[in-house]
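Participant: Take this structure, written in structure tokens, and hold onto it; I'll ask about it next.
Where a number appears in this text, it was derived from the coordinates with a stated rule and is not lab data. Note that the coordinates shown come from a computational prediction; the quantities given were computed from them, not determined experimentally. FYI the Cβ positions are ideal-geometry reconstructions off the backbone, even for glycines, and counts take in every protein chain you see.
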Amino acid sequence: MIGWGYLASLSYGIVCLLISMLVYKFGVPKKYTRKIVHILVGFEWVILYHFMGVGLHFVAVCLIFTALLAVSYKKSLMPMISSDGDNAPGTVYYGISMSVMAIVSLFLENFVFAFGIAVFCTSIGDGLAGVIGSSVSRFNPKIYKNKSLIGTLSAFVFSSVSAYAFSEIYKLDLSIIYALAIGAFAAGLELVTEYGLDNITLPLGTSTLSYLLLYIDGTENYLIPIVLTPFIIALALGKKLLTKKGVFAAVALDVIVSAALGNFGFVLLLAFLLLSVIIDKVKKRFRKKSDDISKKGDERDSVQVLANGLIPAIFALLYFFTKHNVFVIAYSVALAECFADTAASGIGALSRTAYDPFRKKKLEVGLSGGMSVIGTLASFVAPIAFLTIPLAFGLIDSKWWLISSTCAFLGAIFDSALGSLLQAKYKCKICTRITEREEHCGEQAELVFGRRIITNDTVNILSVLFASLMSIITFFLLN
């Protein structure tokens, strides 16, 4: 039986390569010929599992194919399966992934079925996504780098179908919802991963998720962050919302929050991100003249991400270790205060003037400490709307919805007070404008007010801490 397994698997691999070589000789573009092998090679899993089951022979065949593909790539022996443009050894990466999953199957019971789902999501889902995505030209915009909308949707559909069909064939009892989640995760990994490395991230990622959904209870409580995180990374990088270091910091916070609070923690964090992006777009559209007086740029860096997200992440961890509901409230209030401040700044950009009530003077719109009627109203309404999310999850009641909203609003007022009384402000030596930037018009600006160490990021951290601590104190006073 084992001998037949070696013969059948090696023969099938050679047939796949011959088919690809034949169509390549007939003038079919390389982008299609390599996808033919990509799609067909997935059925190697069926042959190997049928003849060899789970064992060292399964691993050996995977390693043999990986070595052959590596030599072929190095020596350029099979141009019909090489990548165009990025010169990435995608087929070699695929062989490495299969070898890794085969080895894991030796030690983890039933992982071989998760391995099989991953192989078919990669072969059929990713393979057909590449063919369809590159074939359709109309109504098929690029959504991230060279990845297209139709290609990503194809990856989702065919990966979902592959996962569900595999489950039905091998009687794994995978629900349609879980199959759709696996398909979406596969599409997200394919979208965000470059240089052929999706042949590593996609199979290893989908095999891990498949195993968790099939055999580990409670995985559904973390399904939303697992599935959506790749798409959020693509959005942040593609739209230049965050720098690369900012994305790294955001993902770190995402992992902490999602591990501690599950779907709720991620949804609240995601709501803050998306709503803040919308408000920033409004601010950018209406506040053109004053764009260069604020310290913030269009792309948020890691420091700015941590200034808004570090305190919420700490409260999420405190909940994880204590399971005390007060930290869910503090986490919610912390993000609500960030959103209130963002709303005040963005919506306040619609005002023509701003007034600093703490120093009793008019300020140019965009300077920290300045307040306007419409901006203050936005900072009042924003947390009320934002905190309907924990209310909908059943984590706070209507009383704590209002109390938490009040704490977040007062935190935004505290932010303005610190921005007015302590935050560093500079005067440009060239244009004489007051700015939060240490350099302006290409020259070092002169500090005219506040302390140099008190920046907008410092103010944000202190304001978030003020609002969340206020909610904790209120909780213990009223309970």
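Participant: Can you list residues whose amide H is under 5 Å from VAL365's amide H, if they're 5+ apart or on another chain and H is modeled 1.01 Å from N?
Facilitator: Placed amide hydrogens put ALA354 under 5 Å from VAL365.
Participant: Quote the charge dipole size of region 346-431 about the Cα centre in Debye, to the nearest 20; the model charges only the Cβ of Lys and Arg (+1) and of Asp and Glu (-1).
Facilitator: Dipole of region 346-431, to the nearest 20 debye: 560 debye.
Participant: Ratio of region 259-478's C-alpha Rg to 2.2 N^0.38 Å, to two decimals?
Facilitator: 1.02
Participant: How would ARG359, ARG352 line up from fewest to most surrounding beta-carbon atoms within 10 angstrom?
Facilitator: Ranking ARG359, ARG352 by Cβ neighbours within 10 Å, fewest first, gives ARG352, ARG359.
Participant: Additional query: Which value at 222 nm does the chain reach when only helices count, each DSSP H run of 4 or more adding -39,500 (n - 2.57), with the total divided by all residues and rounded to the nearest 500 deg cm²/dmol?
Facilitator: After summing the helix terms and dividing by the residues of the chain, the value is -23000 deg cm²/dmol.
Participant: Taking square-rooted eigenvalues a ≥ b ≥ c of the alpha carbon gyration tensor, is region 2-216 rounded, prolate or oblate, where a/c under 1.5 means rounded and, failing that, a/b exceeding b/c means prolate?
Facilitator: Oblate, since a/c reaches 1.5 and b/c is not below a/b.
Participant: List every residue whose amide H lies under 5 Å from the amide H of HIS440, counting only residues 5 or more places away in sequence or on a different chain, with H placed 1.01 Å from N in the peptide plane.
Facilitator: Amide H to amide H, under 5 Å and 5 or more residues apart or across chains, HIS440 pairs with ALA445.
Participant: Next question, about the same structure. I need the P(r) histogram for region 391-479: all alpha carbon pairs, bin width 5 Å from 0 out to the longest distance, whole percents.
Facilitator: Once binned at 5 Å, the Cα pair distances of region 391-479 give 3, 14, 17, 15, 13, 10, 8, 7, 6, 5, 2, 0.
Participant: Which whole-number percentage describes the relative contact order of the chain, with Cα contacts under 8 Å and a sequence gap of 6 or more?
Facilitator: Taking the mean separation of contacting Cα pairs over the length of the chain, I get 10 percent.
Participant: Considering only the other residues whose Cβ falls under 13 Å of the Cβ of PHE339, what net charge follows from Lys and Arg at +1 and Asp and Glu at -1?
Facilitator: Net local charge, PHE339 excluded: -4.
Participant: A further question follows. Express the relative contact order of region 323-452 as a whole percentage, based on alpha carbon pairs under 8 Å and six or more residues apart in sequence.
Facilitator: Computed over region 323-452, the figure is 23 percent.
Participant: Oh, and also: Looking at region 1-58, which chymotrypsin sites (Phe, Trp or Tyr not before Pro) are DSSP coil and have at most 16 other C-beta atoms within 10 Å of their C-beta?
Facilitator: Within region 1-58, the qualifying chymotrypsin sites (Phe, Trp or Tyr not before Pro) (loop, at most 16 other Cβ atoms within 10 Å) are PHE26.
Participant: Also, quick follow-up: Counting Lys and Arg as +1 and Asp and Glu as -1, each charge on the Cβ, what is the dipole of the chain about the Cα centre in debye, to the nearest 20?
Facilitator: Rounded to the nearest 20 debye, it is 1760 debye.
Participant: What are the GluC sites (Glu not before Pro) within region 394-479 that DSSP puts in a loop, where the Cβ has at most 14 other Cβ atoms within 10 Å?
Facilitator: Those that pass, being in a loop and sparsely packed, are GLU438.
Participant: Then there's this: Let me spell out the model: positive unit charges on the Cβ of Lys and Arg, negative unit charges on the Cβ of Asp and Glu, origin at the Cα centre of region 150-289. What dipole size does that give, in debye rounded to 20?
Facilitator: Magnitude of the dipole: close to 1380 debye.
Participant: If each residue's Cβ is checked for other Cβ atoms within 10 Å, how do TYR331, TYR222, TYR178 rank with the fewest at the top?
Facilitator: TYR222, TYR178, TYR331
Participant: Evaluate the chain: find the radius of gyration of its Cα atoms, find its Kirkwood radius, and give the ratio Rg to Rh.
Facilitator: 1.08
Participant: How do CYS407, CYS428 rank when sorted from fewest to most other Cβ atoms within 10 Å of their own Cβ?
Facilitator: In order of increasing Cβ crowding within 10 Å: CYS428, CYS407.
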